Amino acid sequence: MAKKVKIGIIGAGNIAQNAHLPAYLKQDDVELFGVYDIKESRSKEVAERFGFKHVATSLEELVTMEELDAVSVCTWNNGHAEAVIAAAKAGKHILCEKPMAMTVAETEAMAEAVRAADVTFMMGFVNRFRTESQIIREFADQGKFGEIYYAKTGIIRRRGTPLGWFTDLSKSGGGPVIDLGVHAIDVTWYYMGKPAPISVSATTYNKIGDYKTKGVSRWEALDTDDLVFETEDSAAALIRFENGASMTVDVTWAINGADRDIYSEVFGTKAGASLNPFVIYGEEGGYLTDNKPIVTGKNMFDNQIRHFLDCIKTGQQPIATLEDGMEIQKILNGIYESARLGREVQL
Ligand SMILES: NC(=O)c1ccc[n+]([C@@H]2O[C@H](COP(=O)([O-])OP(=O)(O)OC[C@H]3O[C@@H](n4cnc5c(N)ncnc54)[C@H](O)[C@@H]3O)[C@@H](O)[C@H]2O)c1
C-alpha cells in the first residue's frame, strides 16, 4: 500500500471543512493527523467529525508533531504568514489558502522561511485546477492563441458580501479585491503565461456597505459576531504587463447590477478563450468558430489536493508556486495603493 501522507489542518473553518477535508478524504494515501484552530472547541469538533488522530492546542504543537508531513493553512488571511512560517521552520510541506497573505512584506518573510526549509509550498489558487483552465493553458502552450495581448476578468455579486471576519480589515487585509479579485486575476494571469506586472491603476468604493437586503443568501464565516465593515465593496483595475499586455478587472461584493460568477477572457492574435461560459473563439477555413471543448470530471478542490499530494511525493514544482503567490500579492496591494493615491502606481 502507498505510504500515507500525514496531514495537519491549521484553521478548521468553512473552507477546511467544506473543501480541503472532503478532498483529502477522497484520497487513499492520506491520513488526517492533526488539527489546530484558535477556537479549541472547533478543533475538537472537527477532529471528531473527520477522524483526526490528534488535536493540537497551539500552532507550535501542531507543526512540530514529528510524524506530520504537511499542512493546509486555512485561517483568516491575517494568520497565513505566521502559520506558513512556523510550518516551514518545522520542515512541513504547505498548501496555503488564497490570498498568500495581507501584505507584500508578509509574503517576503514567508518566502524566506519556505526557501530556507526547502519544503513543497503550493498556493491554493484553486481556479487553476479547473479542467477548463488546464485546456486553456495547453492551447496557449501550443500557440493556438498567438500573442495574448489583452484580458478581462472579474466576479460580480449584486449582494454577496460575506459575513464575518471578511469585512474586518485587521483580519482580511481587504474586501472583494483580496477575496474574489485574487481568484479572477490569478487565473487570468495564468492563462496569459504569467507576464511580469509593471503597473496598476485602480478605484475602490464602499458605497453599499453593510446592507440589510432581504431574500438573499451570502457566504458566512463560522463566526459572525462583532461584525464591522471596514473594506471596499467594489473595485475596478487596469493592470499593465512588461510584454505590453494588459488586464482589466471588475470585482464586487455588492453593486446595483447583474450578478456574474467568475469570468476570464483572454484575447490573442490568433484566437481567444473564455472560462465561463467556456468557449474558444477561433477561425477555421476562413470562418469564425466557437469551439466548446467538452469537460466532465472532478471538481477543482479535489484536483488541487491531488496535485499537492503528488508534488509532495515526487518533489515536482506545483502548478501554483510561492513566486506566483508573491506576484499576485503585489498586484492586489498595488490595486489598494493606486485607489488610495488616486493614480497609477508602478509595481
Ligand atoms: N479557495 C476558495 O475558494 C476559498 C473560499 C473561501 C475562503 N477561502 C480562504 O480560506 C481562509 C479561511 O476562510 P473561511 O471562509 O474558512 O473562514 P472561517 O472563518 O469559516 O474559518 C477560519 C477558521 O480559522 C480559525 N482561525 C483564525 N485565525 C487562526 C489562527 N491564527 N490560527 C488557527 N486558527 C485560526 C478560525 O477560528 C476559523 O475556525 C481564508 O484565507 C479565505 O480567503 C478560500
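In square nanometres, what is one fourth of the surface area of the convex hull spanned by the alpha carbons of region 5-119?
Numbers: hull surface 25.2 nm².
Value for region 5-119: 6.3 nm².
Sequence neighbours fewer than 8 away in the same chain don't count; with that in mind, list the lysines whose C-alpha is under 17 Å from Lys39. Within reach: Lys171.
Using a cut-off of 13 Å between beta-carbons, work out the net charge of the residues near Gly209 (Lys and Arg +1, Asp and Glu -1, Gly209 not included).
On the way: positive: Arg159, Lys207, Lys212; negative: Asp210, Glu230, Glu232, Asp233.
With Lys, Arg at +1 and Asp, Glu at -1, the net is -1.
Mind jotting down the distance between the C-alpha centroids of region 187-232 and region 101-176, whole Å? Taking the Cα centre of region 187-232 as reference, the centre of region 101-176 is 13 Å away. Straight-line cross-link reach from Lys6 at under 12 Å between alpha-carbon atoms covers these aspartates and glutamates, not counting any fewer than eight positions away in the same chain: Asp28, Asp29, Glu31, Glu66, Glu67, Asp69.
Among Lys194/Lys270; Lys298/Lys330; Lys4/Lys330, which pairs are too far apart, with a Cα-Cα distance over 27 Å? Distance filter (> 27 Å) returns Lys298/Lys330; Lys4/Lys330.
3J(HN,Hα) couplings calculated from phi for region 329-337 with the Karplus curve 6.51 cos²θ - 1.76 cosθ + 1.60 (θ = phi - 60°) are, in sequence order, 4, 4, 5, 4, 6, x, 4, 5, 5 Hz; Gly and Pro show x.
Of all beta bridges that DSSP places with both ends in the chain, some 55 percent have antiparallel geometry.
By the compact-protein rule of thumb, 2.2 N^0.38 Å, the alpha-carbon radius of gyration of region 236-287 corresponds to a ratio of 1.44. On full extension, the segment bounded by Ile198 and Thr57 gains 46.4 nm, given 0.36 nm per residue less the C-alpha separation.
Return the calculated 222 nm mean residue ellipticity for the chain, to the nearest 500 deg cm²/dmol, obtained by summing -39500 (n - 2.57) across DSSP H runs with n ≥ 4 and dividing by the residue count. Calculated from helices alone, the mean residue ellipticity at 222 nm is -9000 deg cm²/dmol.
I'd like the per residue volume of the convex hull spanned by the Cα atoms of region 105-181, given in cubic angstrom.
Details: hull volume 13.7 nm³, N = 77.
Taking only Cα atoms, region 105-181 has a hull volume of 178 Å³ per residue.
Compared with the dominant principal axis of the Cα atoms in the chain, helix 182-191 is inclined by about 60°. Seen against the Cα atoms of the chain and their longest principal axis, helix 104-117 is set at about 60 degrees.
Between the Cα long axis of helix 40-50 and the first principal axis of the chain there is an angle of about 80°, rounded to the nearest 10. Our Cα-only numbers for the chain put the radius of gyration and Dmax at 20.2, 66 Å.
Since every read-out is calculated from the coordinates, none of them should be taken as a lab result. Since this is a predicted model, take the numbers as computed values, not measurements. In this analysis, Cβ positions are derived from the backbone assuming ideal geometry, glycine residues included, and neighbour counts consider all displayed protein chains.
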